[in-house]
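Got a structure for you, written out below as structure tokens; questions coming shortly.
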Amino acid sequence: NSKSYTPPQGSSLHFNVEVKDRYAVIRFVDPGIEFFNTSAILGFVEKVLSDLGNPTTVLDMAAVTTMDSSGIGFLITLHKTLRANGRHLLLVNVSEPVVRVFRLTSMSAFLKTFPSMEEVDRFVAAN
């Protein structure tokens, strides 16, 4: 089940959303999660998630090659928002530049990351 969402007005953001039985996948198409776009990304992702209501959200980060402190803040906010509502955030296909940012900021300590969708499927099936 793939679904396309229109990005916020005046924004050039692009996402693909795929709804599976037990989770929703939001695929970033744009290469950066940075100061100039994090507010729009958060608003868009929160709207998509409220529409879907899936217990687990997977962010496919394959296209994302740059992330600044605002991008880190976006992930922290999203993680906390989902967790407060009994939901889960998983990241998949995280690029090496973003993995380095996660290591430097200790984000890896509380975000669940997976190398492939197959690994996500196994994790979700087991939990």
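The values are calculated or read from the model by the stated rules, or taken from the named source; none is laboratory data. This one's a predicted model, so the numbers in the text were calculated from it and none came from an experiment. Virtual Cβ from ideal backbone geometry, glycine too; neighbours counted across all protein chains shown. Note: accessible area is taken over every heavy atom of the protein model, side chains too, but ligands, DNA and RNA are not part of it. Shrake-Rupley method; radii C 1.70, N 1.55, O 1.52, S 1.80 Å.
Would you call PHE123 open to solvent by less than 80 Å² (accessible area, probe 1.4 Å), touching a helix residue (DSSP H, G or I) at 6+ places or on another chain (Cβ under 6 Å), assigned to a helix (DSSP H, G or I) and free of Cβ contacts under 8 Å to residues at least 60 places away in the same chain?
It is false that PHE123 is open to solvent by less than 80 Å² (accessible area, probe 1.4 Å), touching a helix residue (DSSP H, G or I) at 6+ places or on another chain (Cβ under 6 Å), assigned to a helix (DSSP H, G or I) and free of Cβ contacts under 8 Å to residues at least 60 places away in the same chain.
Being among the acidic types (Asp, Glu), open to solvent by 10 Å² or more (accessible area, probe 1.4 Å) and modelled with pLDDT of 90 or more is true for just one of ASP21, ASP60. Which residue is that?
None of the other options fit; the residue is ASP60.
From the residues in region 9-18 that are open to solvent by 70 Å² or more (accessible area, probe 1.4 Å) and part of a loop (DSSP other than H, G, I, E, B), which one is modelled with the highest pLDDT?
So, considering only residues that are open to solvent by 70 Å² or more (accessible area, probe 1.4 Å) and part of a loop (DSSP other than H, G, I, E, B), the one modelled with the highest pLDDT is HIS14.
Counting only residues that are loosely packed, with under 15 Cβ neighbours inside 10 Å and either within 11 Å of the chain's Cα centre (by Cα) or under 28 Å from ASN127 (Cα atoms) (or both), how many does region 24-33 have?
0
Still on this model: If a residue must be buried (at least 16 other Cβ atoms within 10 Å of the Cβ) and within 15 Å of ASP68 (Cα to Cα), how many such residues does region 97-120 contain?
Residues that pass the stated criteria total 4.
If you go through region 28-63, how many residues are assigned to a helix (DSSP H, G or I), touching a helix residue (DSSP H, G or I) at 6+ places or on another chain (Cβ under 9 Å) and among the polar types (S, T, N, Q)?
Residues that pass the stated criteria total 2.
Condition first: under 14 Å from THR113 (Cβ atoms), open to solvent by less than 50 Å² (accessible area, probe 1.4 Å) and not in a strand (DSSP E or B). Now tell me which residues in region 79-96 satisfy that.
HIS79, ASN93, VAL94, SER95
For the condition under 14 Å from the mean Cα position of the chain (by Cα) and not charged (D, E, K, R), what is the one hit in PHE36, PHE44?
So the residue among PHE36, PHE44 that is under 14 Å from the mean Cα position of the chain (by Cα) and not charged (D, E, K, R) is PHE44.
Same structure, new question: Report yes if ILE72 is open to solvent by 50 Å² or more (accessible area, probe 1.4 Å), at pLDDT 90 or above and assigned to a helix (DSSP H, G or I), otherwise no.
No; evaluated as a whole, the condition is false for this residue.
Has region 36-54 got any residue that is surrounded by fewer than 18 Cβ atoms within 10 Å (Cβ to Cβ), basic (Lys, Arg), touching a Pro at 6+ places or on another chain (Cβ under 9 Å) and within 28 Å of ASN127 (Cα to Cα)?
yes
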